[in-house]
Amino acid sequence: MIKVKQKDLKIIVRDIHDYNYNQILIVGCGGCASVCLGGGQKEVDRLCAEINLVFKAEQRPGRATGYTIERQCHPLFIEELQQMIGQYDCALSMACGAGCQYMAELYPGMPIFPAVDTVSIGIDRDIGVYEERCRACGECVVGYTGGVCPVTRCAKGLFNGPCGGTNGTMCEVKGNIPCAWVEIYNRLKEQNRLDDIKKIRPVMEWQNQYQRTLIQDR
Amino acid sequence: MRILDLISGPMVWFSFICFFCGTLYQVIVFYTLSKPRPRHPQERPRPHLGLKKEPEILDRTSLSYRFAMFRLTVFGRDPGMMIMTTIFHVTLILTPFVVLGHNILLDLAVGISFPSLLEVATDLLTLAVLACCLFFLFRRLLVPTVRAITTPSDLLMLLIVAAPFLTGFLAYHQIGNYDIMVLAHMASGEIMIMALPFTRFIHMIYFFINRFILIHENTLGKGGSRVWR
Amino acid sequence: MTTQNKPDIDILKIREILCEKKKEVAVSLKTCAHCALCADSCFLYRCRDNAPLYMPSHKFINSIGTLYKKKGKVTRAELEEIREIVWKRCVLCTRCYCPLGIDIPSLIALARRICRSQDVVHDFEKEKKG
Ligand code: SF4
Ligand code: SF4
């Protein structure tokens, strides 16, 4: 799912300092952000405590309060904030960029700041260890690359690889990451599908360069 | 009195054997039904060179920060319960080992004994266990969340724990019929020991398995090494 | 969503799924000291005015616990109730904290799997939140 990582406390605090906001609402998300240990109730509580400590150290009257909702990307759940949000000067969102923006859209008068950086769409390798697997390019090609995404895992995002600079089995761009195209080759070879690698793929229409809207047929 | 002989003799051994075998059985079952999973090596991205690290805005080693974080743990969120439950579990396990009478019997039987405390002290420990039991009882009956999941078996468990301490206390102070009290004390103690690996008390074993061996977010220590199959 | 005219519950299928994780379920149900310390770690519990219904242990005891105790012999109505619990009262954020280390989300996920095997599922589009 989507992986998020908390911003440096300094940056979060700077955002709210600039305008002297005092009553802060920190909104957590019980969806992806919570699963990746980035913006669930526990992190909300911690951030609250930290911001309150900062306020106390600076002897400001401010106060941060936390509230976690199921998902910040759905109106049904964001509406829950309706009755309380008026009491606050600004809100910090601990959901992914989408959730944060949706909240901003639904509460136009409310300054919303992200308290997390949305990092990737990834898998849970271990508890707290997440690896990126997808960049939402909009046209999935892993069918012919043996289940390895060249956009995410090849440093150059090549659709017809490898680039020729492959360093053994490693990527030439950065020493300690494996070359995605070597892996693609190995997997296709194992499945007797090496023909796939020879086919020239047309260039990608980079759909994720503009805002996309998904309409699912039902 | 045949029943006294039985309870003060073979039953004691039987209950201990039951306890040890039961514990062993549970541990073996856990190991056969779980499998090891190596932790993924965690490679942290190196900080960008050249960028000087600015000082942190909060001193994360300070006492006030640590206290604020501590307040977020289960100890800070429900301090009353956590203090009571800590006292309860420590005294519950400690007290039987430091009672003079137990140690004399142990010495007579197998020739080893644990250091004994003053009788006043063991008296106080016993009262502490009983007080905690009362606290749990009222918590069960009065706190809505706890009441929502309370079953009769929970009350029975509480009774099984409290009984040996209560009867032991009464017997020591010669309240009521001494012979019956001692008999009840031994019998209830044996029931408790036998019940340990097979009833709700199993959390005594599974606390350690769950929190130290199984891998999940809240594993303590090195982060665990096994998962259920 | 009405599920009246559906076929009977396939108890054997439920048992089969339960059997796979029998010991884990049994041990978790037994290990739970019914102490309610997990309540506070569930954000739904806190958002819903500390209602005991939203306490993680209440959820798994009344979902997978019921299934386990009845050895899968549940009626469709009971399964519908379990569906309410495991979909409406839990979002599987996987963050509940039990001091005894019970993995509550995996138990709730198992209950969801059993419900799905019987076609008792939650329709996110049609239903309002719990
Ligand atoms: S904290 Fe753990 S042991 Fe206590 S009620 Fe919740 S699940 Fe059960
Ligand atoms: S996984 Fe379910 S029960 Fe556990 S904290 Fe999340 S919503 Fe609550």
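Could you pull out every one of the helices (runs of 4 or more DSSP H) wholly within segment A:50-124 that has 2 or more residues that are under 23 Å from the mean Cα position of the chain (by Cα) and modelled with pLDDT under 95?
A:75-78, A:97-106
Which members of segment C:33-66 meet the condition of being within 9 Å of ligand 2 (Cβ to nearest atom), assigned to a loop (DSSP other than H, G, I, E, B) and at the interface with chain B (Cβ under 10 Å from one of its Cβ atoms)?
Result: C:C38, C:M55.
Restricting attention to segment A:7-16, does a residue exist that is in contact with a Gly (Cβ under 9 Å, 6 or more places away or on another chain) and free of Cβ contacts under 8 Å to residues at least 12 places away in the same chain?
no
Testing C:S57 on (1) more than 16 Å from ligand 1 (Cβ to nearest atom); (2) under 24 Å from B:M82 (Cβ atoms), one condition comes back false. Which one is that?
(1)
Any residue in segment B:29-42 that is in contact (Cβ under 8 Å) with a residue 40 or more places away in the chain and under 22 Å from C:K23 (Cβ atoms) sitting within a Cβ distance under 7 Å of a residue that is aliphatic (A, V, I, L, M) and open to solvent by less than 80 Å² (accessible area, probe 1.4 Å)? List the pairs, counting only those 6 or more apart or interchain.
Note: pairs meeting the criteria are B:F30/B:I209; B:S34/B:V227; B:K35/B:V227; B:R37/B:I215; B:R37/B:V227.
Within the bounds of segment C:87-102, is there any residue that is under 27 Å from B:V74 (Cα atoms), away from ligand 1 (no atom under 16 Å from the Cβ) and in a helix (DSSP H, G or I)?
yes
Quick test for you: out of A:Q41, A:Q72, pick the one residue that is within 16 Å of ligand 1 (Cβ to nearest atom), open to solvent by less than 40 Å² (accessible area, probe 1.4 Å) and not aromatic (F, W, Y).
Matching residue, one of A:Q41, A:Q72: A:Q41.
The values are calculated or read from the model by the stated rules, or taken from the named source; none is laboratory data. Because the structure is predicted, anything quoted here is derived from the model rather than measured. Glycine gets a Cβ as well: all are built from the backbone with ideal geometry, and neighbour counts include every protein chain shown. Remember, those area values only see protein heavy atoms, side chains included, never the ligands or the DNA or RNA. Shrake-Rupley method; radii C 1.70, N 1.55, O 1.52, S 1.80 Å.
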